[in-house]
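Step one of this worksheet: look at the structure below.
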Amino acid sequence: MNNPAHSTATVYVPRDSAARSVGADEVAQALQQAAARGDFALDVVRNGSRGMLWLEPLVEVVTPEGRVGYGPVAPEDVDSLLAAGMLDGADHPLRLGVVDELPWLARQNRVTFARVGVTDPLSAEDYEAHGGLAGLRAALELAPADVVAEVTASGLRGRGGAGFPAGIKWKTVLECADELKFVCCNADEGDSGTFADRMVMEGDPFMLIEGMTIAAHAVGASEGYLYIRSEYPDAVATMRRAIGIAREHGWLGRNILGSGLHFDLHVRVGAGAYICGEETSMLESLEGKRGTVRAKPPIPAVEGLFGRPTVVNNVLTLATVPVVLAEGAQAYERLGVERSRGTQVFQLGGNIARGGIVETAFGITLRELVEDYGGGTHSGRPVRTAQVGGPLGAYLPESMFDLPMDYEAFAAAGAMVGHGGVVVFDDSVDMAAQARFAMEFCAEESCGKCTPCRVGAVRGVEVIDRIVAGTHRDENLALLEDLCDLMTEGSLCAMGGLTPLPVRSALTHFPDDFLGGRRLLDIQPVRATGPKTEGTA
Amino acid sequence: MTTSGNDVTVESVVRGVVARHRGERGALLPVLHAVQAELGHVPQEAVPVLAEELNLSRADVHGVVTFYHDFRREPAGRTTVRICRAEACQALGADRLVSYARESGLPLGETAADGSVTVEQVFCLGNCALGPSVEANGRLYGRVGPARLGSILNGTVSS
Ligand SMILES: Cc1cc2nc3c(=O)[nH]c(=O)nc-3n(C[C@H](O)[C@H](O)[C@H](O)COP(=O)(O)O)c2cc1C
Ligand code: SF4
Ligand code: FES
């Protein structure tokens, strides 16, 4: 059953931490042991994840047909897979087919995620062979103002939540005369349901380095900081190694690619504070202070890190810049709808059958994401709601799932796209408990600078408890409304300002849960036992 | 990760750490992470030394140490198990893990009597499509049910 006639087979096993969380390391080890015993000739390459997370660990074998996938593979499956001829792409119950042709993946429009899961994240050769550095080389041919113009023309908006046009922010920094300027990448990714930043850092770190270097050239910055949350140790380690490799190759440091551009990059690790994802709070934290929010103006573009002009962008924003420069603003701008141009990296999580990364042009509906891509719930029970845009985003009822995913359409419907995270819940969810959690989270994570947020959130928890207990329900409902108004109007930042969004959406769309009219279903979630759904969409 | 109540040791550790981070801008966070990595927590005695070394007031240093969830004032158990309680994991029954831990005598935030393990909550580990998620000693686990949590806790207790 071995493959003596063949040259050594190349087998990909992801090193992404989600894949590792369900056994990818053990699978890689089992494969390497088979090779060490001399039974099979194979090399294991640890790639990023393709983002089909329900199929992890997803093992791919290079065949003349293409990369054939098997998954989800448990370590104990490895012997039977090898015996069946996996190294030649042979049939097996876990065989999925050629990975690039799986409908779930083939239907997407992978722009930012084009290389993630395809290459070895820390191979500089792989990176260049798959189009890496083309954007930086193109940018270095241009004057800074022309790079900024290109980014502006692409319509690229910040992917960290607020959706501010990247080019306009860069232009402000470029026009500041200071000698010292910074580029800061916001890799705090604290929102529940979001993991795309992590996957970029673990799966294609050079792309982010390239994007930050282009930003440095565009605005005249010489130093960069990458602020990564401490909950992401694998991303921290991968980025540190990638930065070292990039320096060795002359992609960072002095005279980058012989161009005369000097730029170096440092990783800083957060310390478990959600609010440090807010840009001014992140800057305070980078300065070694408590992560309290600064009032704006001055905006960070003018007075940012250590008082200097600073570009602050999200991971996905910066990681998308290389492809914009490499392929031109028009190619990017052609994708999307209205003022939401290009692609968005949606992240499907929570109680969902097929969770993972769906990168596609803006304008796809929530229903397509949850039902077609996601395949409904993991538990097999009916979908009741999805929270879109993180803990500060609205809970939407199933009746609103035909909403197109674009910034303006969501805003008009009283919701937000945010960082593109979609968290699905089945019918066992108690929406009063979710609303209470939103207030609790705000109370826990508030930076403490302003009263509506710091005190209001604590009051919010108490008021919801009284409503659910049936104590002076009408008065307390009115009080909760007032409190939400106060927090919305009186908070310095979106932590306090947006917490009313999940609370109010829960109240509006699921009032029964607050009124004791709906007994919480005391049911154990049922396992999905239906037909195999892998690779369909 | 040994801890020592000895002032001289804390002081020398802190001075050593600061020396290594001297060239960095706004170095207090990396310094605190390094102190915690060496001592297991940031002891009160470290605060005046940090203030002196970094030319800050004690109140400033104290303010930073207490602001961030990561920095501990007291040593934790030999291992820390963190259960994700954010929305995506809630949707998959994260609270059952919290109940399980509590019923096993390990309520959130407390350290086992034998000092083996501390169970804590965390808000999102970036594994939201494969929840409920748990992290133990820097290792991430996905699709964790009560039984798997039990073996994770046992594994840390025996090691
Ligand atoms: C409470 C709060 C948390 C935030 N968390 C993040 C985060 O984790 N990552 C991020 O990129 N932006 C986050 N933001 C948005 C940032 O303040 C900022 O808008 C963004 O980093 C700018 O980059 P972009 O224009 O590329 O999106 C947060 C904002 C608020 C108010
Ligand atoms: S709204 Fe909350 S988090 Fe934002 S500045 Fe005010 S207290 Fe801080
Ligand atoms: S919500 Fe638990 S890992 Fe993201």
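The values are calculated or read from the model by the stated rules, or taken from the named source; none is laboratory data. Remember, it's a predicted structure, so these values are computed and weren't measured experimentally. Here the Cβ is made from the backbone with ideal geometry for all residues, glycine too, and neighbour counts use every protein chain on show. What goes into the accessible areas is simple: the full protein's heavy atoms, side chains included, and nothing from ligands, DNA or RNA. Shrake-Rupley method; radii C 1.70, N 1.55, O 1.52, S 1.80 Å.
Filtering A:475, A:444, A:489 for residues that are surrounded by fewer than 17 Cβ atoms within 10 Å (Cβ to Cβ) and within 16 Å of ligand 3 (Cβ to nearest atom) leaves a single hit, A:444. Being under 23 Å from residue A:274 (Cβ atoms) and within 16 Å of ligand 1 (Cβ to nearest atom) is a condition met by no residue of region B:132-148. Taken together, the residues in region B:70-84 that are hydrophobic (A, V, I, L, M, F, W, C) and either more than 16 Å from residue B:113 (Cβ to Cβ) or open to solvent by 50 Å² or more (accessible area, probe 1.4 Å) (or both) amount to 3.
Looking at region A:259-370, the helices (runs of 4 or more DSSP H) lying wholly inside it that each contain 3 or more residues that are out of contact with any Ser or Thr (no Cβ under 9 Å at 6 or more places or on another chain), within 14 Å of chain B (Cβ to nearest Cβ) and surrounded by 20 or more Cβ atoms within 10 Å (Cβ to Cβ) sit at A:279-286. When each of A:164, A:113 is tested for being closer than 25 Å to residue A:185 by Cβ and open to solvent by less than 40 Å² (accessible area, probe 1.4 Å), the lone residue that passes is A:113.
With the condition kept exactly as written, say whether any residue in region A:88-95 is of a type in the set (Asp, Glu), open to solvent by 20 Å² or more (accessible area, probe 1.4 Å) and not in a helix (DSSP H, G or I). Yes, region A:88-95 contains a residue that is of a type in the set (Asp, Glu), open to solvent by 20 Å² or more (accessible area, probe 1.4 Å) and not in a helix (DSSP H, G or I). With respect to the stated conditions, residue B:18 is open to solvent by less than 40 Å² (accessible area, probe 1.4 Å), part of a helix (DSSP H, G or I) and without any contact (Cβ under 8 Å) to a residue 60 or more places away in the chain. Take residue A:174 and decide whether it is over 21 Å from residue A:349 (Cβ atoms) and within 13 Å of ligand 1 (Cβ to nearest atom). No.
Scanning for something within 16 Å of ligand 1 (Cβ to nearest atom) and within 19 Å of residue A:195 (Cβ to Cβ), does region B:90-107 turn up at least one residue? Looking for residues that are within 16 Å of ligand 1 (Cβ to nearest atom) and within 19 Å of residue A:195 (Cβ to Cβ), one finds none in region B:90-107, hence no.
Criterion applied to B:144, B:157, B:117, B:134 was being at pLDDT below 90 and surrounded by 15 or more Cβ atoms within 10 Å (Cβ to Cβ), and the one residue passing it is B:157. For residue A:193, the test of being buried (at least 24 other Cβ atoms within 10 Å of the Cβ) and in contact with a strand residue (DSSP E or B) (Cβ under 9 Å, 6 or more places away or on another chain) is passed. Here the condition is being of a type in the set (A, V, I, L, M), open to solvent by less than 30 Å² (accessible area, probe 1.4 Å) and in contact with a strand residue (DSSP E or B) (Cβ under 8 Å, 6 or more places away or on another chain); of B:46, B:51, B:27, B:101, it holds for B:101 alone. Restricting region A:323-379 to residues that are touching a strand residue (DSSP E or B) at 6+ places or on another chain (Cβ under 6 Å) and of a type in the set (D, E, K, R), the residue that is modelled with the lowest pLDDT is A:333.
Answer yes if at least one residue in region A:406-428 is under 27 Å from residue A:465 (Cβ atoms), in contact with a His (Cβ under 9 Å, 6 or more places away or on another chain) and either surrounded by 24 or more Cβ atoms within 10 Å (Cβ to Cβ) or more than 13 Å from every other protein chain (Cβ to nearest Cβ) (or both), and no otherwise. Yes, region A:406-428 contains at least one residue that is under 27 Å from residue A:465 (Cβ atoms), in contact with a His (Cβ under 9 Å, 6 or more places away or on another chain) and either surrounded by 24 or more Cβ atoms within 10 Å (Cβ to Cβ) or more than 13 Å from every other protein chain (Cβ to nearest Cβ) (or both). For region A:196-206, check the following and say yes or no: at least one residue is part of a loop (DSSP other than H, G, I, E, B), within 16 Å of ligand 1 (Cβ to nearest atom), of a type outside the set (Asp, Glu) and crowded, with 24+ Cβ neighbours inside 10 Å. No, there is no match, as no residue in region A:196-206 is part of a loop (DSSP other than H, G, I, E, B), within 16 Å of ligand 1 (Cβ to nearest atom), of a type outside the set (Asp, Glu) and crowded, with 24+ Cβ neighbours inside 10 Å.
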